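The values are calculated or read from the model by the stated rules, or taken from the named source; none is laboratory data. Remember, it's a predicted structure, so these values are computed and weren't measured experimentally. Using ideal geometry, Cβ is built from the backbone for each residue, glycine included, and neighbour counts are taken over all protein chains shown. Protein only, heavy atoms only, side chains kept; ligands, DNA and RNA dropped before computing areas. Shrake-Rupley method; radii C 1.70, N 1.55, O 1.52, S 1.80 Å.
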Amino acid sequence: MTDAWAPSPRELERQQVRRGLRRKQFLIAAGITVLAAIAVATIVGTSPGWERFKELFLSWHHAKEAFPDIAKGFWINVKMFVIGEVIILVVGTLVAVTRNTVTPWLTPLRIVAVIYTDVFRGLPTLLVVFIACIGIPALGIEGVPTDVTTLGIFALVLCYGAYVAEVIRAGIDSIHPSQISSAEALGLGRAQTTRYVVLPQALRRVAPPLLNDFVSLQKDTSLVASVGVFEALFAAQDYGNYNFNYTPLLVTGLFFLALTVPLARFTDFLGRRALRRERGR
């Protein structure tokens, strides 16, 4: 029976040196951060218009008054985000798979998929929101929804579906051809190979950039305020225009941060975990 491994005195010395270096780096970073925060606070707090800024943007009274309407409007943003996210994922996957097909029978669909991604990645999202929410009801087509919230989700799906399709297509292209050949050698058809071999790996690899797109989507739900949807930003603007105080805009920003910051940290966590797996740690 052999003795359990124990670090040598030299290794213990190295570990102590590394701990000391990490402690020193942490103290330097914390000190610089505190000094930078104090410098910014001093510059802002001693600026000539600071009192006026506090009155317009940091009023506790107006924050409390506007909070219920903003919270109610933010719930609309959350619903648009959740519904749109699911549809965008489906649309993006279908477009990405269509663009990666090789059969000549699907050439027209591939052309449509290419045109779709080129057009809607190039157009400003706000322009698409205007066209969808104002132009589609103007057509007067029977059976087509005229609700601006629904049409706003439709516009966001069109724009973000194109971005997500390209992200997923990059994930599909990253799968080594030998895996497709192996699946076909086992008797799987092209569709089965895509369904059971390619897509699961591709979606796992592109999970961090996908979540990044969805964080951006969550912010862009506020674009529907431009067509009159009473969501959080519209509620803040409405209150600010009536009371000539813009504190509700900062309250709206805090609502969005409360949702986007955890999503961003989760995205970073997935990215670090994927990196560790690739490096075998």
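When the helices (runs of 4 or more DSSP H) confined to segment 66-146 are screened for residues that are touching a residue at least 12 places away in the same chain (Cβ under 8 Å), within 25 Å of V206 (Cα to Cα) and of a type outside the set (D, E), those reaching at least 1 such residues are found at 107-122, 125-130. Per this entry, T42 is not counted among residues that are under 30 Å from T149 (Cα atoms) and either open to solvent by 40 Å² or more (accessible area, probe 1.4 Å) or among the hydroxyl-bearing types (S, T, Y) (or both).
All conditions but one from (1) farther than 26 Å from P137 by Cβ; (2) touching a helix residue (DSSP H, G or I) at 6+ places or on another chain (Cβ under 7 Å) apply to S181; the one that does not is (2). Within the bounds of segment 4-25, is there any residue that is open to solvent by less than 50 Å² (accessible area, probe 1.4 Å) and under 31 Å from the mean Cα position of the chain (by Cα)? So far as segment 4-25 goes, no, none of its residues is open to solvent by less than 50 Å² (accessible area, probe 1.4 Å) and under 31 Å from the mean Cα position of the chain (by Cα). Looking only at segment 95-102, decide whether some residue is open to solvent by 90 Å² or more (accessible area, probe 1.4 Å) and farther than 21 Å from F154 by Cβ. Yes, some residue in segment 95-102 is open to solvent by 90 Å² or more (accessible area, probe 1.4 Å) and farther than 21 Å from F154 by Cβ.
Conditions tested, residue by residue: (1) of a type outside the set (K, R); (2) surrounded by 15 or more Cβ atoms within 10 Å (Cβ to Cβ); (3) under 19 Å from D220 (Cβ atoms).
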| position | (1), (2), (3) |
| --- | --- |
| D118 | yes, no, no |
| L127 | yes, no, yes |
| A138 | yes, no, no |
| T146 | yes, no, no |
| V157 | yes, yes, yes |
| V167 | yes, yes, yes |
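The helices (runs of 4 or more DSSP H) found entirely in segment 167-281 that carry 3 or more residues being modelled with pLDDT of 90 or more and farther than 25 Å from D118 by Cβ are 232-243, 247-278. Counting the residues of segment 233-257 that are in contact with a Pro (Cβ under 9 Å, 6 or more places away or on another chain) and more than 15 Å from W60 (Cα to Cα) gives 3. Of all residues in segment 1-45, none satisfies the criterion of being part of a loop (DSSP other than H, G, I, E, B) and modelled with pLDDT of 90 or more. Within segment 225-281, the set of residues being surrounded by fewer than 16 Cβ atoms within 10 Å (Cβ to Cβ) and among the charged types (D, E, K, R) comprises R265, D268, R272, R273, R276, R277, E278, R279, R281.
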